[in-house]
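A.B. asks: This structure is in structure tokens; I'll ask about it shortly.
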Amino acid sequence: MGQSLIDLVNISKSFDGTMVLDDLNLSVKENTFVTLLGPSGCGKTTTLRIIGGFEKADTGKVIFDGTEINDLPPNKRQLNTVFQKYALFSHMNIAENIAFGLKIKGKSKAYINDKIKYALKLVNLDGYEKRTVDSLSGGQQQRIAIARAIVNEPRLLLLDEPLGALDLKLRQDMQYELIRLKNELGITFIYVTHDQEEALTMSDTIVVMNQGYIQQMGTPEQIYNEPENAFVADFIGESNIVPGVMLHDELVEIFGAKFACVDRGFGVNKPVDVVIRPEDIELVEPEQGTLTGTCTHLIFKGVHYEMEITTPDGFEWLVHSTTLCPVGKKVGLRVDPFNIQIMNKPASEDEEAVGVNE
Ligand SMILES: Nc1ncnc2c1ncn2[C@@H]1O[C@H](COP(=O)(O)OP(=O)(O)OP(=O)(O)O)[C@@H](O)[C@H]1O
């Protein structure tokens, strides 16, 4: 991958005395699809707006391709933004909508016509030049909004929940369209969503945010398989997060049972949080399980059964398995060492736990 196209350096931003971004640092490499993911209000849109130039950071630097652009207005930045609301001009036809930015730039008619054709082909809407905005579906309107951004040949496309208003099927189709576009155009995408599945599907890199901080940044596989803390584990997919004690390297105790794992370097007798995904728990005969429990809830989900297995300590394990365990039946739980993820407890809890041990 190339060098970084955008660097946010020590960015902080408050609104009405409330800190929204706190000393945020982020590098986005050229030609990657980066998603800012997090719950509502965590600062995703504010980060995007600061990159786009629609909002000014209180402190810190926005660097584009090595040059600081803090004071550059949005229209002078080599980027375009697509918002959730398509913001097309309803009194103009599709061609006029796409041409709008190019006309302002004083491009020739022939150039503009070529660009319109090219962009409509890219978003699979060839021949739609003369259609009115009202005659298009939501998904088609959003594609036009993307076409309008693309004709400006930005190096960076900022997308703020662009699929948020679409129904599920259309969202999924558009996700694949956007990946294809990114690959064909070779431009950098920064995409904002609170939908973890969307982030996992589309991104080269996911930046998980919460309360103005970056919690973790990594590939979808890293974020899903190796969450760095309980927030990330909980926010991305479903998981069982249980207290454990790292006995020594590669052995963790959970509710009195010893599980082999592959993590090292946590020290001896160290309280930790353990993450186990529901699909990684194997249901076996009770005597073969590392832990034994009883099924207390069962739902058929089509591709698997969703079960709740309650162990004697009272913990309700979420299990996704094609092996059926009826409610009331005893069952053993086993987990492959590679599917056990160990995390440090948050600092304050860790201190408390150490305090108790002393
Ligand atoms: N112009 C503004 N004036 C005052 N507060 C603002 C302004 N813009 C954002 N905020 C506040 O900053 C916080 C972060 O907002 P932001 O839109 O960045 O979050 P978000 O993660 O994009 O959330 P969502 O997914 O709901 O859009 C929120 O508490 C929001 O109310």
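The values are calculated or read from the model by the stated rules, or taken from the named source; none is laboratory data. Because the structure is predicted, anything quoted here is derived from the model rather than measured. Every residue, glycine among them, receives a Cβ derived from its backbone with ideal geometry; neighbour counts consider all protein chains shown. SASA here: full protein model, heavy atoms, side chains in, ligands and nucleic acids out. Shrake-Rupley method; radii C 1.70, N 1.55, O 1.52, S 1.80 Å.
A.B. asks: ³J(HN,Hα) across region 213-223 via Karplus (A = 6.51, B = -1.76, C = 1.60, θ = phi - 60°), whole Hz, x for Gly/Pro?
C.D. replies: Calculated HN-Hα couplings, in order: 10, 7, 7, 6, 9, x, 5, x, 5, 5, 5 Hz.
A.B. asks: Write down the accessible area per residue of region 12-155 in Å², having rolled a 1.4 Å probe over the full set of protein chains.
C.D. replies: Numbers: 7160 Å² over 144 residues.
Value for region 12-155: 50 Å² per residue.
A.B. asks: May I ask for the Rg/Rh ratio of region 96-192, computed from Cα atoms with Rh as the Kirkwood radius, given to two decimals? Please report the intermediate quantities before stating the final value.
C.D. replies: Numbers: Rg = 13.2 Å, Rh = 13.9 Å.
Over the Cα atoms of region 96-192, Rg/Rh equals 0.95.
A.B. asks: Translational diffusion coefficient, Stokes-Einstein: compute it for region 203-321 using the Kirkwood radius over C-alpha pairs as Rh, at 37 °C and 0.692 mPa s, and state it as an integer in µm² s⁻¹.
C.D. replies: Answer from the Stokes-Einstein relation: 208 µm²/s.
A.B. asks: Calculate one ³J(HN,Hα) per residue across region 231-244 by plugging θ = phi - 60° into the Karplus curve 6.51 cos²θ - 1.76 cosθ + 1.60, and present them in order as whole Hz with x for glycine and proline.
C.D. replies: Karplus-based 3J(HN,Hα) across region 231-244 equals 4, 5, 4, 6, 6, 9, x, 9, 7, 9, 10, 10, x, x Hz.
A.B. asks: Moving on to the next point. Setting aside same-chain residues fewer than 8 positions from residue 345, which lysines have a Cα under 24 Å from its Cα?
C.D. replies: Leaving aside lysines fewer than 8 places away in the same chain, those within reach of residue 345 are 258, 270.
A.B. asks: I've got another one for you. Apply the Karplus curve 6.51 cos²θ - 1.76 cosθ + 1.60, θ = phi - 60°, to the phi angles in region 89-106 and return the couplings in whole Hz, x for Gly and Pro.
C.D. replies: Coupling constants for region 89-106: 7, 6, 7, 10, 6, 4, 4, 5, 4, 5, 6, 3, x, 5, 4, 4, 6, x Hz.
A.B. asks: Rg (Å, one decimal) plus Dmax (Å, integer) for the alpha carbons of the chain?
C.D. replies: 24.7, 79
A.B. asks: Note down the nm distance, to one decimal, between modelled labels 7 Å out along Cα→Cβ at residue 330 and at residue 22.
C.D. replies: Each label point lies 7 Å from its Cα, and together they span 4.9 nm.
A.B. asks: Could you check which residue among 327, 151, 28 shows the biggest mean-square fluctuation in a GNM of the chain with a 10 Å Cα cutoff?
C.D. replies: Of 327, 151, 28, the Gaussian network model singles out 327 as fluctuating most.
A.B. asks: Here is a further query. Can you give the extra length, in nm with one decimal, that the chain gains between residue 72 and residue 288 once fully stretched, where that is 0.36 nm per residue apart less the Cα-Cα distance? Before the final figure, lay out the partial values.
C.D. replies: Working: separation 216, 0.36 × 216 = 77.76 nm, distance 6.48 nm.
Length gained, residue 72 through residue 288: 71.3 nm.
A.B. asks: If you take every DSSP beta bridge whose two residues both sit in the chain, what share of them, in percent to the nearest 5, is antiparallel?
C.D. replies: Numbers: 59 of 77 bridges.
So the antiparallel bridges amount to about 75 percent of the total.
A.B. asks: Could you work out how far the C-alpha centroid of region 42-82 sits from that of region 222-240, in angstrom?
C.D. replies: Comparing the Cα centres of region 42-82 and region 222-240, I get a distance of 29 Å.
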